[in-house]
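The values are calculated or read from the model by the stated rules, or taken from the named source; none is laboratory data. A quick note: this is a predicted structure, and the numbers were derived from the prediction, not measured. Using ideal geometry, Cβ is built from the backbone for each residue, glycine included, and neighbour counts are taken over all protein chains shown.
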Amino acid sequence: MNHYETVFILNPVLSEDQIKEAVKKFESLLSEQGAKFVNKEDWGLKKLAYPIQNKKSGFYHLLEYTVAGEAIDPLEVAFRRDERVMRYLTVKLDKHAIAWAEKRAKKLKANANA
Amino acid sequence: MSKIEEQSKGRKEGEIRYLTPLNIETNTKKKYCRFKRSGIKYVDYKDADFLLNFVNEQGKLLPRRLTGTSLKYQRKVSVAVKRARHLALMPYVADMLK
């Protein structure tokens, strides 16, 4: 069970429920493979540093989970096929990255409720 | 007087003569690797404003001789910057990024 982190950008023209539905689709696709979610983040609408598919902004989502290695390829195929997703990046986390992610999540939670 | 004579003796045509020899002492403060010193073990590709310190105005990666980071962490920084660029958190080409 490796530790992974996926960040993907959704098309800004999508409506609220389309975004929810897209995120839910990828989450269910992962949980079918027996993934355990560690952290989910929604950065909301952010301005892109350069236009992608001549769109200036996008909805960023982050999923941090542990799953067996074989589940990643079908996930990436699903990302590639889905037109709502403009860009995605899946990263395997090593032990330093996991420690950093925990610290970051704690910090976000701290100043979220602070 | 002796300095001027020295310079005038070795003088070639068009050479700039200074009254006093130029001693520009560049105060080279010891460069250190900020990752080793602060004990950061992982360079996160998600916080772009931290990565901006390692990129010049055009968005290009700064060399180690300017930032002073050690080779091990310079590679982590370059991987993180390239991932941030892929996710459009940082531009590939920019002007007056800072």
Exercise. Out of the range B:59-98, which residues are more than 12 Å from chain A (Cβ to nearest Cβ) and in contact with a Pro (Cβ under 9 Å, 6 or more places away or on another chain)?
Worked result: B:Q74
For this session: Go through A:K36, A:K46, A:K103, A:K107 for me and flag whichever is basic (K, R) and more than 26 Å from B:L52 (Cβ to Cβ).
Result: A:K36
For this session: Would you please name the residue that is nearest to A:M1 (Cα to Cα), looking only at residues in the range A:63-96 that are more than 16 Å from the chain's Cα centre (by Cα), within 14 Å of another protein chain (Cβ to nearest Cβ) and assigned to a helix (DSSP H, G or I)?
Result: A:K95
Exercise. What residue, among those in the range B:32-46 that are modelled with pLDDT under 90 and surrounded by fewer than 18 Cβ atoms within 10 Å (Cβ to Cβ), is nearest to the other protein chains (Cβ to nearest Cβ)?
Worked result: B:I40
Problem set entry | All positions within the range A:1-35 that are part of a helix (DSSP H, G or I) and closer than 24 Å to A:A99 by Cβ | A:L30
Exercise. So which residues in the range A:46-71 are of a type in the set (A, V, I, L, M) and closer than 19 Å to A:K24 by Cβ?
Worked result: A:L62, A:L63, A:V67, A:A71
For this session: Go through the range A:26-39 residue by residue and tally those that are surrounded by 13 or more Cβ atoms within 10 Å (Cβ to Cβ) and not aliphatic (A, V, I, L, M).
Result: 6
For this session: Take the range B:41-98 and flag every residue that is closer than 24 Å to A:E41 by Cβ and in a loop (DSSP other than H, G, I, E, B).
Result: B:K41, B:Y42, B:V43, B:D44, B:Y45, B:K46, B:D47, B:L87, B:A88, B:L89, B:M90, B:P91
Problem set entry | Test: B:E13 is modelled with pLDDT under 90 and surrounded by 10 or more Cβ atoms within 10 Å (Cβ to Cβ) | no
Problem set entry | Filter result for A:L45 (outside any strand (DSSP E or B) and touching a strand residue (DSSP E or B) at 6+ places or on another chain (Cβ under 7 Å)) | no
Problem set entry | So B:A80, is it without any contact (Cβ under 8 Å) to a residue 12 or more places away in the chain and surrounded by 20 or more Cβ atoms within 10 Å (Cβ to Cβ) | no
Exercise. Of these, A:Y50, A:Y60, which one is of a type in the set (S, T, Y), within 26 Å of B:M90 (Cα to Cα) and surrounded by fewer than 18 Cβ atoms within 10 Å (Cβ to Cβ)?
Worked result: A:Y50
